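These notes are about the structure you will find just below.
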Amino acid sequence: MKTDNNATLVLSSQDAQKIVAHFGLNEIMDSLIARLISTFRNFSPKQTDIPARAGFHYEKPSAGLVEWMPLHSLGQEVMIKMVGYHPTNPNGHKLPTILSTVSCYDTQTGHLSGLMDGVLLTAFRTGAASAVASRYLAHADSKVLGLIGCGAQSITQLHAISRVFGLEKVLVYDKDERAVSSFAERCAVLDLNLAVEPTDMEKVVIGSDILVTATSIDVGAGPLFDGLETKPHLHINAVGSDFPGKVEVPLSFLKNSFVCPDFLDQALIEGECQQLDKKDIDAGIVEVVRDPAAFSFVKKQRSVFDSTGWALEDYVAMELFMEHARELGLGQFIEIEHIPEDVKNPYDFMGQFSEQYY
Ligand SMILES: NC(=O)c1ccc[n+]([C@@H]2O[C@H](COP(=O)([O-])OP(=O)(O)OC[C@H]3O[C@@H](n4cnc5c(N)ncnc54)[C@H](O)[C@@H]3O)[C@@H](O)[C@H]2O)c1
């Protein structure tokens, strides 16, 4: 993303909300799904370098992490998403579990060209990625969606998957009763004509055509379930497994499924794939999207999309929001970096201010 001057285009949370309000939730989600498909299809590691994310993991003051997810579009720009995961946030601080910002840099100069929210962006793109995987791997007649974990991500998971399948029913379970009882109200804005059925975990797993696991289960506490008879074509979008030792799906299910990670290198460290040998992993999402006919057989069998969250998805979402901001004239250009008139004199601003500043 280029800016015309030394300023940074800053999109506030309100700007992002205005963009969504202007275009509508469905149009934004549909655009993201379409753009993800085309980006996966055209992805080349020679043009876009995406190292696995890294960060700080800690136990104090509360268990959590702050990580950076970098992407280099060669010859163009660098994007870095910073993301924090603090599952005590909703109850302890009235904050989302996932807090995030996205910044991008001009690689001609290193200039910070853009800065925006990553919370709404993450929720949108994680939902869109599950919709893409489900479209290529789940049974085409899928009507029942199961959600284990009814937190922030569950809303965009339902939204995105409802854009691709004619859902009739959603089975929901969360260990926190408040998350279950507020779910229908939180997704009322989607105006979906379907039944929301709170039930127990077993019934969600057994009754679903497509299942999303999006829990903040503790490290070492997984899997969420085991030994349950599922529909023969159950497709799982495993969203919550994104940390070493944190898994949601049982090994027995993975072993009998077609396993498709978003980003193999990362999934082996922190996704469901950490439970598997590399040879047991079938194909990445890029391979599947590129050749749907070769993988159409998967729709009739069990499958797992191991969604750890890929910086490429963030890049696609960031570009969409920045483009819309420019179209609508939203955002503010702010000079954040210190760029003196005399670029070799960092002190050349001294003397410009009246005495009261000294
Ligand atoms: N794959 C990705 O790209 C991606 C993106 C965003 C978030 N995530 C992950 O998805 C998960 C959910 O994120 P969120 O923003 O919705 O968090 P959230 O805190 O809003 O919701 C998580 C929900 O999981 C429930 N839960 C925890 N343990 C459970 C259990 N054992 N059984 C049933 N429910 C349980 C909690 O009660 C809570 O309601 C997190 O682990 C997060 O790291 C992944």
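None of the figures in this text is laboratory data; all of them are computed from the coordinates on show. Since we're looking at a predicted model, the values are computed, not measured. All Cβ positions, even for glycine, are placed from backbone atoms using ideal geometry, and neighbour counts span all protein chains on display.
The Kirkwood hydrodynamic radius of region 231-358, based on inverse pair distances between different Cα atoms, is 18.6 Å. For Thr230, nonlocal amide neighbours, meaning residues 5 or more places apart or on other chains whose placed amide H falls under 5 Å from its own, do not occur. Of the residues Leu71, Leu112, Leu328, the one that moves most in a GNM of the chain with alpha-carbon contacts below 10 Å is Leu328. Per-residue ellipticity at 222 nm computed for the chain from its helices equals -9500 deg cm²/dmol, with DSSP H segments shorter than 4 residues left out and the rest contributing -39,500 (n - 2.57).
How many times 2.2 N^0.38 Å is the alpha carbon radius of gyration of region 136-309? Could the numbers behind the result be given before it?
On the way: Rg = 15.1 Å, N = 174, 2.2 N^0.38 = 15.6 Å.
In units of the 2.2 N^0.38 Å rule of thumb, it is 0.96.
For the peptides 210-223, 335-348, 11-24, 117-130, the ranking by packing is 117-130, 210-223, 11-24, 335-348, with the highest mean count of neighbouring Cβ atoms within 10 Å listed first.
For Thr8, the residues whose amide H sits under 5 Å from its own are Ile334, Glu335, Ile336, ignoring neighbours fewer than 5 places away on the same chain, with H placed 1.01 Å from N.
Considering every alpha-carbon pair of region 11-71, the percent of pairs per 10 Å bin, from zero through the bin containing the longest distance, is 17, 24, 35, 23, 1. Build a GNM of the chain with springs between Cα atoms under 10 Å apart, and of Lys143, Lys203, Lys278 the one that fluctuates most is Lys278. Rg over Rh for the chain works out to 1.01, using Cα positions for both radii and the Kirkwood form for Rh.
Of the GluC sites (Glu not before Pro) found in region 112-197, those in coil by DSSP whose Cβ has at most 15 other Cβ atoms within 10 Å are Glu168. Residues whose amide H falls under 5 Å from that of Val172, counting only those 5 or more places apart or on a different chain, are Leu147, Glu197, Thr199, with hydrogens built in the peptide plane.
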